[in-house]
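Asks: Quick one: structure below, then a few questions.
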Amino acid sequence: MDTYKTVNEFAFDELIEKRSRFIGYCKPVSTQDEAIAFINEIKSKHWDARHNVYAYVIKDEGVSRYSDDNEPQGTAGIPVLDAIRKRDITDCVVVVTRYFGGVLLGAGGLVRAYSAAAKLAIDAAGEREMIMCSVCELSCSYTMYGKMPSLISKFGGCIDDSSFTDDVSLVFHLPEDNLPAFNKALSVESSGNYQAAETDKKFFDNILKNKG
C-alpha cells in the first residue's frame, strides 16, 4: 500500500533551558506557501523573540527547508528538520521560538534544546497515516443505500458525497488495495447488481489505522 505519515493537527509545547524559553509549534501543511504563511504567522506573534527557527518538509513538492534565524549555523534549523525526519513524517512545518534568557547555551546546548522543543511540538500534534485511495462512484437503490455506510466503512472507506433522486448516487473513497474485496462483498450483498467504478486516486486519512 502507498502510504505516508504526517501530523494530526496544530499544536505547541515549550521548555525552559537555562532561562531561555523555547516554544515549539507544529502544523500539518500541504504546500510551501502554507508552510511559509504559518512561519510568518508565528514570527508576527513572537515579533519580540530573539529567534524564530523553522523547518518544513512537503511531500508533493519534494522540498525541505530550514532556517537557523541567526543562531550559529547548524545549531537550530537542522536539529528541527532532523526531528521531523526521524519521525519519518512529511507535509509538516515546525517553528521553534526562542526567548533568550541571558545564559549562553553553547552549540551542543542549542542543538539539544531545539531538538527537544521540536520533538515536544510533534508529539503534541500527534501522527496520522495517509493512504492512497480509490475514489469511486456508485448509483444504487434506496434499499441498497441503507447497507452502504457500514459496508464502505468496513473496508476503510468513507462517503464523500451523495445525491438523492430516483436512485442514490454516492461518491466515496477507500484504500485502493481494498477495492477488489469491497466490490466482491458488494456483489454478494446486492446479488450481483452493483459494482463501484473507480474515477480517481488520491491520498486520504487511513481510518483503519488512525481510528481511536
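Values in this text are rule-based calculations from the coordinates and carry no lab data. Since the structure is predicted, the reported quantities are computational estimates derived from the model, not experimental observations. Positions of Cβ are backbone-derived with ideal geometry, glycine not excepted, and every protein chain shown enters the neighbour counts.
Asks: Please compute the length gained on full extension between Lys154 and Asp166, using 0.36 nm multiplied by the number of residues separating them and subtracting their Cα-Cα distance.
Replies: The Lys154-Asp166 span can extend by a further 1.7 nm.
Asks: A further question follows. Per the helix-only calculation at 222 nm, which mean residue ellipticity applies to the chain, given -39500 (n - 2.57) for every DSSP H run of n ≥ 4 and division by its residues, nearest 500 deg cm²/dmol?
Replies: Per the formula, -9500 deg cm²/dmol.
Asks: Still on this structure: Sorted by packing (mean other beta-carbon atoms within 10 Å per residue), highest first, where do 13-21, 108-116, 96-104 land?
Replies: Result, highest mean Cβ count within 10 Å first: 108-116, 96-104, 13-21.
Asks: Per 0.36 nm of contour for each residue apart, how much would the distance between Glu61 and Asp200 grow if the chain were fully extended, relative to their Cα-Cα spacing?
Replies: Extra length available between Glu61 and Asp200 comes to 48.0 nm.
Asks: For the range 6-58, state the semi-axes of the equivalent ellipsoid (square roots of 5 times the eigenvalues of the alpha-carbon gyration tensor), sorted largest first and rounded to whole angstrom.
Replies: 21, 14, 8
Asks: Something else now. Go through the range 47-64 residue by residue and turn each phi into a ³J(HN,Hα) via Karplus (6.51, -1.76, 1.60, θ = phi - 60°); whole Hz please, and just put x for glycine and proline.
Replies: 4, 8, 6, 5, 9, 10, 7, 9, 7, 8, 9, 10, 5, 5, 8, x, 10, 9
Asks: Using the C-alpha gyration tensor of the chain, what are the square roots of 5 times its eigenvalues, in whole angstrom, with the largest one first?
Replies: Numbers: eigenvalues 437, 41, 36 Å².
Computed over the chain, the values are 47, 14, 13 Å.
Asks: Sticking with this one: Please report, in debye to the nearest 20, how large the charge dipole of the chain is about its Cα centre when each Lys and Arg carries +1 at its beta carbon and each Asp and Glu carries -1 there.
Replies: For the chain, the charge dipole is close to 1040 debye.
Asks: Right, here's the next one. Quick one: net charge of Met132's neighbours, Cβ under 10 Å, K/R +1, D/E -1?
Replies: Around Met132, the charge tally is -1.
Asks: Which of the helices in the chain meet the span-like rule: DSSP H, Cα axial reach of 27 Å or more, Kyte-Doolittle mean at least -0.5?
Replies: 106-125
Asks: Still on this structure, I have one more. Show which lysines lie in cross-link reach of Lys202 when reach means a straight Cα distance below 28 angstrom and same-chain residues fewer than eight apart are skipped.
Replies: Counting by Cα, and skipping residues close in sequence, Lys202 has these lysines nearby: Lys5, Lys27, Lys59, Lys86, Lys147, Lys154, Lys184, Lys211.
Asks: Determine the relative contact order of the chain: mean sequence separation of Cα pairs under 8 Å and six or more apart, normalised by residue count, in whole percent.
Replies: Once normalised by length, the contact order is 24 percent.
Asks: Separate question: In Å, what Kirkwood hydrodynamic radius results for the range 3-125 from the alpha-carbon pair distances?
Replies: Hydrodynamic radius (Kirkwood, Cα only) of the range 3-125 equals 13.9 Å.
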